[in-house]
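This report refers to the structure that appears directly beneath it.
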Amino acid sequence: MLAALAIGAPATAPAQAAAPAPAPDSQQETPEVTRAIELENAGKFRDAIPIYRQAMRTNPTPIVVLGLERSYAELGMTDSLLAPLDSVMTRYPKEALYHVVHLRSYQILRRYDAMRVAFERWVRDDPRNASPYGTYARMLIEIGQPATADSVIERGRIALGTARDLQYETAQLRAAMGDWETSAHAWRRTLANDAGLASAAAYSLAPAPATARAALRTILGAAPAEAGARRALAELEITWGQPQAAWDALRALPSDTASATAWEEFGDRSMSEERYGLARDAFTAALQVRHTPALALKAATAALRAGSPAQVLTLTPQSEWGADAATAARDYLPLHVEALAAMGRGADAERLVAKYDKYLAPGQHERMARLLASAWVRAGDLQHARTSLAASGVDADSSDAAGLLALYEGRLDVARRLLRTSLDQSADMALVMGIVSRVRGDNAPQLGAAFLALARGDSTTAAQKFVEAAAQHPEAASALLIAASRIHAARNDTPGAIALWRRIVTEQGDAPEAAEAELEWARALRRSGDTQGATAHLEHLILSAPQSALLPQARRELELLRGSTPPG
Amino acid sequence: MIEVVKRYHTAMRTAATAFVAVLAIALAPPTSSAQRMLIPMDDGQTNHLKAYGLTYGAIKAGMQAEWLLNYRGGSFLLPDAPELRRRAGLDGISLEPVSDAQLAAIRREMAGANMESVPLEKAPKIAVYSPPDAQPWDDAVTLALKYAGIEFTRVYDPEVEKGDLTKYDWLHLHHEDFTGQYNKFQLGYRDAPWFRELVAKNQTTAKQLGFTSVPALKKDVAEKIRQFVERGGFLFAMCGATETLELAIAGHDVDIAGEFADGSPMDPNADAKMNWKRSFAFKDVHLEKSPFINSMSDIDGHQVNVAGRRQPLGTFTLFNFSAKFDPVPSMLVQDHRAVLNDFYGVTTSFNKATLKNGVVILATEEGAPWTKYVHGDYGKGTWTYLGGHDPEDPQHAIGNPPTDLSLHKSSPGYRLILNNVLFPAAKKKPLKT
């Protein structure tokens, strides 16, 4: 049925192509036609066809013609449609839909000469209509005849005295021909009348090579900022891997409800693609126009994920939580407590939780307690963190959080016991488990201090403490050094990271982390332009660790350095 | 110029003598007992394309190499040298150390089957005819050469006109239109900036080199390529270059270009005036006289750019030649797959009806009137044509992203290209007489 529907309703046709439709009395279908539609929906096309054909003779309507077209198409008998359709077209020569079906039938049958004749007939029947030119040109583009399509559009322009109604086809045609700038100009004019075609424009222009993209940005981004053009440009930028530029294209739109809708849609998409900073900016912009609780919550959530916890408090101030405390406890409280925890404001978080304590749903208490504990951890107050955790209930002394607290205090034996059963599969927990399982002994205060600094968001101290712990725990030195190097790399401290990678490769060459260190070292050298150094490291890695899981990545890097595969 | 293939061909022409001689070659004992390594080319190989680069590098370094035709997908036998092991390790190429006893067993197996060992002696000097500003990804051969790590030099009209082809053993052509009509892309791209730039550059070059038009320049370049082969060069062409080179050579003294290309319409009697004695592969071809139809002639069986004539893609099958008696065609079809998916190009295939007698058909599609892959001798040299643009991008269109061969490390289609690069390195073994 999907195929039949697609035939009946071409998705790419612009509104103006189907607009001039002086249809026969078609609003009320006869019971027979309704029966034919039911048969068709049931897949009984052979039973539906005689009814449709009878209706074609007595009371042809667009619904009847489309129904017969779909039914014949399902049975692979499109050629049988031509004769009855011809009779109907003779009676209603200006009915655009019948001509579209006529052309489409020949396209399906690959009878391109007959398709041209059908086009000429439509032009004769309705000489002042742009639809024949546009429809036929689109079909020619679809069958790979852009040159002929070009001629048809040019003929339409001459016959009609203007190409105003053929901008959509011109845009599609020029894109198909690789004439990107002309296409973009035509799209710009089309989108000014129908912003809903933004996706079609983006799809059409997306294959433009990198060298042509600057011009397309200029054309679609030129003032005034119009919704259709900007939405198309934003979609293009995302396709071309430039999400920030996509937001830049959209943010320039005037502040109105249409723009707010575009911004919110962009925010939703950014959230799903984990681009939280862009999502926060888009939701925040939309919020200035359309201030709804749902949108404010989206903006606050995005801000929290983007690492801007302070914004949570301003985007969803308590004054806007509403009168229903249960709803506030469910929707707003977790966000605020998490934000306060991220800022290390344990006391504020505790007060807030206490205020809404009686409205918390079952299971929420435990989560709140963990957030409070993390707030105190971030503030460096482990005793308070333990107290918060103890308040959470029965598993206070057996949870992951308790295990982490033990780790922060350097009590490795307890941490090991509590974390062994953890179901947490996050990268943070993987790091913890990887190191804890390799360090010998029951006490490791330096290691605890390193993880505590990390939990507090003090990356400088954390990196330093991991390096110090490496000296204390040679059995896990490579794991500790790679943890420190990742922190340096995340802070864009490349020299600091390279110093650690060098140490791992030279001092811990047999360790499992050596391959990662050497690969990252090579990547850093490549980024800095040291091709020779990067190549040497990649070759060393490939030859010295042939069983490493990182080998495909190393080989890929090497290919890029040699220029033997295309970039990107 | 390398001697091998020419001497092989001489041997083939003097059939009876060669028959005995090549049999003797097959029975000849190995000349070295040093430790070797086998580069398998069947499904045991993890990177078929890089294996060609490894072998080419070994030959270039003066090492002894052998191509074991039909043995495990056309494997290579190389010295077990540390530098080769290193490169194989870096490139992810599978290798198997082979002891003297194992090698003897391999040779025994080959002696009793349709297999043959061909020594590879000298790395051919490779030229690729391509505009200087072309990206390597525009051309399947430069893609393959770059990926395999085989050195090549780009040459274009000024270099060819200067006589530089004599510096090379092997020349590759891709989708150049030697009729000077820009593959008739003006039909669909006349206003596209890249097309306008292409026309302007070609017109400037033609003027600088003293030609009245681009078609005149391209016909002269085609003539110099013909002479290159006649004097002993190896030519490999793909896509539109195959068809248009033939048209330009046969139409050397005929106006075969449309008015948009040289200012004058095509000679209405062009068909009758073509001199097919001069061309390599085709005869009695009918030119497409309409400037509005994106086709050059009836050589191409698929006619991808003419909607009413376009034929669908199928598969093509490589012929299995006698490795002992037909080593050259055998080398050209070494592959770990016998049936390959077809791929479009400006010229996709070659109608059999237009092929000259004596042309060796290397691959064909069963029941189809066309073939995909052909080869032949001309003067002292050889030519090979492979239809289509990119074996791993069957419906390649202008503006499509380049093929990343690291994702197609074992491409059977790209192996055909690299077979052509390596076969001029083959050396005739001393006859056991």
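The values are calculated or read from the model by the stated rules, or taken from the named source; none is laboratory data. Every value quoted in this text rests on a predicted model; they were computed, and no experiment measured them. We place every Cβ from the backbone using ideal geometry, glycine too, and count neighbours over all the protein chains shown. Protein only, heavy atoms only, side chains kept; ligands, DNA and RNA dropped before computing areas. Shrake-Rupley method; radii C 1.70, N 1.55, O 1.52, S 1.80 Å.
Restrict the search to the range A:31-63; then list the trypsin sites (Lys or Arg not before Pro) that DSSP places in a loop and that have at most 16 other Cβ atoms within 10 Å of their Cβ. Please list the in-between numbers first.
On the way: sites: A:ARG35, A:LYS44, A:ARG46, A:ARG53, A:ARG57; in loops: A:LYS44.
Those that pass, being in a loop and sparsely packed, are A:LYS44.
Once Rh is set to the Kirkwood radius over Cα pairs, what Stokes-Einstein translational diffusion coefficient, in µm²/s, holds for the range B:323-383 at a temperature of 4 °C and a viscosity of 1.567 mPa s? Display every interim value, and only then the final one.
Numbers: Rh = 13.0 Å.
Translational D for this selection: 100 µm²/s.
Please report the equivalent ellipsoid semi-axes of the range B:98-155, computed as sqrt(5 x eigenvalue) of the Cα gyration tensor, largest first, in whole Å. Can you show the working numbers first?
Details: eigenvalues 287, 26, 24 Å².
Value: 38, 11, 11 Å, ordered largest first.
Using only Cα atoms, find the angle between the long axis of helix A:513-527 and the longest principal axis of chain A, and express it within 0 to 90 degrees, rounded to the nearest 10.
So the inclination is approximately 60 degrees.
Please determine, in degrees from 0 to 90 and to the nearest 10, the orientation of helix B:15-27 with respect to the longest principal axis defined by the Cα atoms of chain B, where the helix direction is its Cα long axis.
Approximately 40 degrees, to the nearest 10.
Distance from the Cα centre of the range B:235-303 to that of the range B:318-345, in angstrom?
28
Dividing the alpha-carbon Rg of the range B:67-184 by 2.2 N^0.38 Å yields what? Walk me through the numbers before you get to the answer.
Working: Rg = 19.3 Å, N = 118, 2.2 N^0.38 = 13.5 Å.
Relative to the 2.2 N^0.38 Å estimate, the range B:67-184 comes out at 1.43.
If you look at just the Cα atoms of the range A:363-517, how large are its Rg and its Dmax in Å?
Looking at the range A:363-517, its Cα Rg and Dmax stand at 15.8, 50 Å.
Can you pull the percent of chain B's accessible area that's carbon plus sulfur, 1.4 Å probe, other chains left in place?
Details: 8860 of 16470 Å².
Accessible surface attributable to carbon and sulfur in chain B totals 54 percent.
Which of the lysines could a cross-linker span from B:LYS289 if the Cα-Cα distance has to be under 30 Å and same-chain partners fewer than 8 positions apart are dropped?
Partners within reach: B:LYS184, B:LYS201, B:LYS207, B:LYS218, B:LYS219, B:LYS224, B:LYS273, B:LYS277, B:LYS352, B:LYS356, B:LYS372.
If you build a Gaussian network model of chain B, linking Cα atoms that sit under 10 Å apart, which residue out of B:THR46, B:THR371, B:THR55 swings the most?
B:THR46
Extension gain B:GLU96-B:ARG196, at 0.36 nm per residue separation less the Cα-Cα distance, in nm? Provide the component values of the computation, followed by the final result.
Working: separation 100, 0.36 × 100 = 36.00 nm, distance 5.30 nm.
That works out to 30.7 nm of additional length.
What is the ratio of the Cα radius of gyration of chain A to 2.2 N^0.38 Å, where N is its residue count, to two decimals? Please list the in-between numbers first.
On the way: Rg = 33.1 Å, N = 568, 2.2 N^0.38 = 24.5 Å.
Cα Rg divided by the expected 2.2 N^0.38 Å: 1.35.
In the full protein assembly as shown, how much of A:SER374 is accessible to a 1.4 Å probe, in Å² to the nearest 10?
50
Once you have a ≥ b ≥ c as the square roots of the Cα gyration tensor eigenvalues for the range B:213-344, tell me rounded if a/c is under 1.5, and otherwise prolate or oblate according to whether a/b is larger than b/c.
On the way: a/c = 2.59, a/b = 1.45, b/c = 1.79.
Because a/c hits 1.5 or more and a/b fails to exceed b/c, the range B:213-344 counts as oblate.
Can you tell me how the range A:358-447 classifies by the Cα gyration tensor, rounded, prolate or oblate, using a/c under 1.5 as the rounded cut?
Numbers: a/c = 2.14, a/b = 1.66, b/c = 1.30.
Prolate, since a/c reaches 1.5 and a/b exceeds b/c.
How much of the accessible area of the range A:179-248, in percent, comes from carbon and sulfur atoms when a 1.4 Å probe is used? Mind showing how you got there, number by number?
Details: 1600 of 2910 Å².
About 55 percent, which is the carbon plus sulfur part of the accessible surface.
Can you give me the Cα centroid spacing of the range A:239-309 and the range B:187-220 in angstrom?
Here the answer is 50 Å between Cα centres.
Students sometimes get this wrong: rank A:SER270, A:SER548, A:SER151 by accessible area, probe 1.4 Å, all chains present, largest first. Before the final figure, lay out each step's value.
Details: A:SER270 5, A:SER548 30, A:SER151 70 Å².
The ranking, largest first, comes out as A:SER151, A:SER548, A:SER270.
Provide the convex hull volume over Cα atoms per residue for the range A:479-568, in Å³.
Numbers: hull volume 8.4 nm³, N = 90.
Looking at the range A:479-568, the number lands at 93 Å³ per residue.
Label points 7 Å out from Cα along the Cβ direction at A:GLN242 and A:LEU431: separation in nm?
Label-label distance for A:GLN242 and A:LEU431, simple model: 3.3 nm.
Compute from the Cα atoms of the range B:274-433 the Rg and the Dmax, the latter being the longest Cα-Cα distance, and quote both in angstrom.
In Å, with Rg to one decimal and Dmax whole: 16.9, 62.
Which residues make up the longest stretch of chain A clear of GluC sites (Glu not before Pro) that lie in a DSSP loop with no more than 14 other Cβ atoms within 10 Å, not counting the sites?
By the stated rule (loop sites, at most 14 other Cβ atoms within 10 Å), A:275-568.
Residue by residue through the range A:286-293, which ³J(HN,Hα) values in whole Hz follow from phi under the Karplus form 6.51 cos²θ - 1.76 cosθ + 1.60 (θ = phi - 60°), with glycine and proline marked x?
Values per residue, Gly and Pro as x: 4, 5, 5, 9, 10, 8, 10, x Hz.
Can you give the FRET efficiency for A:ARG116 and A:ARG438, using 1/(1 + (r/R0)^6), R0 = 60 Å, r = Cβ-Cβ distance, to the nearest 0.05? Kindly include the intermediate steps, with their values, before the conclusion.
Values: r = 76 Å, r/R0 = 1.26.
Working from the Cβ atoms, E equals 0.20.
If one computes the Cα centroid of the range A:488-532 and of the range A:154-176, what distance in Å separates the two points?
A separation of 57 Å, based on Cα centres.
Report Rg(Cα)/(2.2 N^0.38 Å) for the range A:398-466, keeping two decimals.
Numbers: Rg = 10.9 Å, N = 69, 2.2 N^0.38 = 11.0 Å.
After normalising by residue count via 2.2 N^0.38 Å, the value is 0.99.
Quantify how much of the Cα-Cα distance distribution of the range A:260-357 extends past 24 Å, in percent.
Numbers: 964 of 4753 pairs.
Result: 20 percent of Cα pairs exceed 24 Å.
For the range A:35-117, rounded, prolate or oblate, judged on the Cα gyration tensor with a ≥ b ≥ c (square roots of eigenvalues), a/c < 1.5 rounded, else prolate if a/b > b/c? Walk me through the intermediate numbers first.
Details: a/c = 2.29, a/b = 1.32, b/c = 1.73.
Note, shape of the range A:35-117 comes out oblate.
Could you work out the helix-only [θ] at 222 nm for the protein assembly as shown, with each DSSP H run of four or more residues adding -39,500 (n - 2.57) and the total divided by the number of residues, to the nearest 500 deg cm²/dmol? Display every interim value, and only then the final one.
Details: 50 runs with 549 residues, N = 1001.
Mean residue ellipticity, 222 nm, calculated: -16500 deg cm²/dmol.
Nearest 10 degrees is fine. How inclined is helix B:100-111 to the longest principal axis of chain B, computing both from alpha carbons?
50
How big is the range A:56-97 by the Kirkwood estimate over distinct Cα pairs, in Å? Working shown, then result.
Details: mean 1/r = 0.0955 Å⁻¹.
Every distinct Cα pair counted, the radius reaches 10.5 Å.
Viscosity 1.306 mPa s, temperature 10 °C: what is the translational diffusion coefficient of the range A:176-324 from Stokes-Einstein with a Kirkwood Rh over Cα pairs, rounded to a whole number of µm²/s?
Working: Rh = 16.0 Å.
D = 99 µm²/s.
Put +1 on the Cβ of each Lys and Arg and -1 on the Cβ of each Asp and Glu in the range A:49-203; which of A:PRO93, A:LEU191, A:TYR133 then has its Cα farthest toward the positive end of the dipole?
A:PRO93
Please quote Rg/Rh for the range A:227-309 to two decimal places, taking the Kirkwood radius as Rh and restricting both calculations to Cα atoms.
On the way: Rg = 11.7 Å, Rh = 12.3 Å.
Answer for the range A:227-309: 0.95.
On a 1.4 Å probe surface of the protein chains, which of A:TYR168, A:TYR106, A:TYR276 comes out largest in accessible area, and what is the full order?
Values: A:TYR168 0, A:TYR106 30, A:TYR276 60 Å².
The residues order as A:TYR276, A:TYR106, A:TYR168, largest area first.
Nearest 100 Å², what total accessible surface is buried between chain A and chain B (probe 1.4 Å)? All intermediate terms of the calculation are to be shown ahead of the outcome.
Numbers: alone 26860 and 17450 Å², together 42340 Å².
In total, chains A and B hide about 2000 Å² from solvent.
When the gyration tensor of the protein assembly as shown is built from Cα positions, what are the square roots of 5 times its three eigenvalues, in whole Å, from largest to smallest?
Values: eigenvalues 674, 483, 129 Å².
Semi-axes (√(5λ), whole Å): 58, 49, 25.
Please compute, for the alpha-carbon atoms of chain B, the extent along each of the three principal axes and give them in descending order in Å.
Answer, in whole Å and largest first: 70, 46, 44 Å.
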